[in-house]
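Beneath this line is the structure, given in structure tokens, with notes to follow.
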Amino acid sequence: MAILEDLLVAFRLPVFNKKAKRELVSHEKFYYFDAGVYRTIRPAVPLDQPQEIDGAALETLIIQQVRAWASYRDQGDQLFFWRSRGGTEVDLVVYGKGGIWAIEIKNSGKVRPEDLTGLKEFGRDYPMAERILLYRGKHREVISGITCMPITEFLAQLHPGGSDPLIS
């Protein structure tokens, strides 16, 4: 995997474990540099559901965009993911001078209560974190202290010179 990173074909996200209050997984997540490359290289198997593949590609796309934003912003932001041993997960954690942002990415047009589980758990351990659920819907709303935001709105604001999309 190191050669893929050296060639800028892939990158890894480490586990966010700053002052962890619970036991977390210890392995990193691996991403290709581009969602299209992911979709092309990923072997399809008979039990694959199209929405699962689309969801992973969407996650890759968003994380790559935030990664570029953090690099251009040049504020020392670090990117992680978070997963408890029990399997509760947050797709992306942005950690920097400005704070902690936990971002969950859903390939769905509606917010379901179970979509908020990982962000709620993360909030118990890191109550100071801004928690954001990105989804393919059209309306921005706050549910249980979590900002649920359309992906299109988030991406439209995601440039270093604009308003900060990570601040609700």
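Projecting label points 7 angstrom from Cα along Cα→Cβ for His27 and Lys97 puts them 3.6 nm apart. Residue by residue, the stretch 84-89 carries 3J(HN,Hα) couplings of 6, 4, x, x, 5, 9 Hz when phi is fed to the Karplus relation 6.51 cos²θ - 1.76 cosθ + 1.60 (θ = phi - 60°); x denotes Gly or Pro. The count of lysine pairs in the stretch 84-160 whose Cα atoms are under 22 Å apart, excluding pairs fewer than 8 places apart on the same chain, comes to 4. Projected onto its three principal axes, the C-alpha set of the stretch 53-168 covers 34, 29, 27 Å, listed from the longest axis down. Return the FRET efficiency for the residue pair Gln157, Gln78: r is the Cβ-Cβ distance, R0 is 22 Å, and the value is rounded to the nearest 0.05. Using R0 = 22 Å, I get an efficiency of 0.60.
Computed 3J(HN,Hα) for the stretch 142-158, one whole-Hz value per residue from the Karplus formula 6.51 cos²θ - 1.76 cosθ + 1.60 where θ = phi - 60°, is 10, 10, 6, x, 10, 7, 9, 10, x, 4, 4, 5, 4, 5, 5, 8, 8, glycine and proline marked x. Over the stretch 60-126, with every protein chain in place, what whole percent of the accessible area is carbon and sulfur at 1.4 Å, could you tell me? In the stretch 60-126, the share of accessible area belonging to carbon and sulfur is 42 percent.
Close amide H partners of Arg131, meaning residues 5 or more places away or on another chain with modelled amide H under 5 Å apart, are Ala102, Thr147. Looking at the stretch 108-148, the accessible area is 55 square angstrom per residue; that uses a 1.4 Å probe and ignores ligands, DNA and RNA.
The values are calculated or read from the model by the stated rules, or taken from the named source; none is laboratory data. Quantities reported herein were computed from a predicted structural model and do not represent experimental measurements. Positions of Cβ are generated from backbone atoms using ideal geometry, with glycine treated the same way; all protein chains shown enter the neighbour counts. Just so you know, the surface numbers come from the protein's heavy atoms only, side chains and all, with ligands and any DNA or RNA stripped out. Shrake-Rupley method; radii C 1.70, N 1.55, O 1.52, S 1.80 Å.
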